[in-house]
Amino acid sequence: MSRAGTLFGGGALAEDDPAPLYLRLQVKIRRAIEVGTLKPLDALPGERDIAEAFQVSRVTVRKALSGLVERGLLRQRQGSGTFVASPPQRVEQALSRLTSFTEDMRLRGLAPTVRWLDRGISLASPQEAMRLSLSPNDTVCRLKRLRLAGGVPMAIERATIPTRFLPDPMLVDASLYDVLAARGSLPVRALQRLCAANLTPEDAALLDVPPGAAALAIDRLSFLDAGTPVEFTQSWYRGDAYDFVAELTLKRE
Ligand code: 16G
């Protein structure tokens, strides 16, 4: 039996199944990944081998593979074939500690990196002015970043900081909190709100997941010791990579 036949259970695709051939082929490939015959980063056999093993056309094989690539199960690299995608390492973040992304990832031995999506200075929008207790003529820095850990995209963040705490967005290189700490404006308390969300096609593409994939949408409003708001950040964390963990204690009367 060819390698494709051995990996996917071989033989023609079930005749009595009314589903299109490419979907039946996808089921075979998915099963091989689920049972571990094919492991993360394993290369799949070539299109021709798969077509021969299942007696289908190469067009059908291509359609089956590209569907699984879109769903994030497989990856294709120009010239080097198709591979099983590796699931990102899940990260747990305690909900009760006020930490920065950079600190969080370093604690886990993952190298944090940033891809800048946008940054600039603007007048505060009415919503930002309300959240950050600003007046309508106050200016804010807006930072939009893709946050990566060990090269894997983890979150999209849109942060707004009054210019009185961060006068220039270009001051932030890797960590916003490092810059705020150096300027004596590190937040010491924050309110956070988490809810479930489905990613838009654009955000999903940035996070390297299929369109509509589940995400955790988090708003964080952080304060200085005196209670002055210093940062309002909206984030979208990949649902398949992040667990938020909270410790609960019994209230004793
Ligand atoms: C975290 C915070 C975000 C903060 C950022 C600073 C959550 C949900 N959000 O991602 O509000 O702006 O850390 O990280 O935890 P940095 O210092 O690495 O830029």
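The values are calculated or read from the model by the stated rules, or taken from the named source; none is laboratory data. Everything quoted here is computed from the prediction, not taken from an experiment. A quick note on method: Cβ atoms are made from the backbone with ideal geometry, for glycine too, and the neighbour counts reach across all protein chains shown. Heads up: the accessible areas ignore ligands, DNA and RNA and are worked out on the full protein's heavy atoms, side chains in. Shrake-Rupley method; radii C 1.70, N 1.55, O 1.52, S 1.80 Å.
Rounded to the nearest percent, how much of the accessible area of the chain (1.4 Å probe, protein heavy atoms only) is carbon and sulfur?
52
At what distance in nm do the modelled label points of SER133 and ALA43 sit from each other, each positioned 7 Å from its Cα along Cα→Cβ?
6.1
Using DSSP H assignments, which helices in the chain have an axial alpha-carbon span of 15 Å or above and a mean Kyte-Doolittle hydropathy of -1.0 or higher?
Sorted by number, the helices that extend far enough and score high enough are 21-34, 58-70.
Provide the per residue accessible area, probe 1.4 Å, for the chain, rounded to a whole number of square angstrom.
That works out to 56 Å² for each residue.
In whole angstrom, how far apart do the alpha carbon centroids of the stretch 131-208 and the stretch 29-86 sit?
If we compute the Cα centre of each part, the gap is 38 Å.
What's the FRET efficiency of ALA190 with VAL59 using the Cβ-Cβ distance as r and R₀ = 35 Å, to the nearest 0.05?
That pair, ALA190 with VAL59, gives E of 0.10.
Calculated FRET efficiency, THR200 and SER122, Cβ-Cβ r, R0 22 Å, to nearest 0.05? Write down the numbers at each step before the final one.
Details: r = 22 Å, r/R0 = 1.01.
In this case the efficiency is close to 0.50.
Using amide H atoms built 1.01 Å from N in the peptide plane, name the residues 5+ places from ASP208, or on other chains, whose amide H lies under 5 Å from its own.
none
For GLU231, enumerate residues with amide H under 5 Å from its amide H, sequence gap 5+ or separate chain, H modeled in the peptide plane.
Close amide H contacts, sequence-distant or interchain: SER222.
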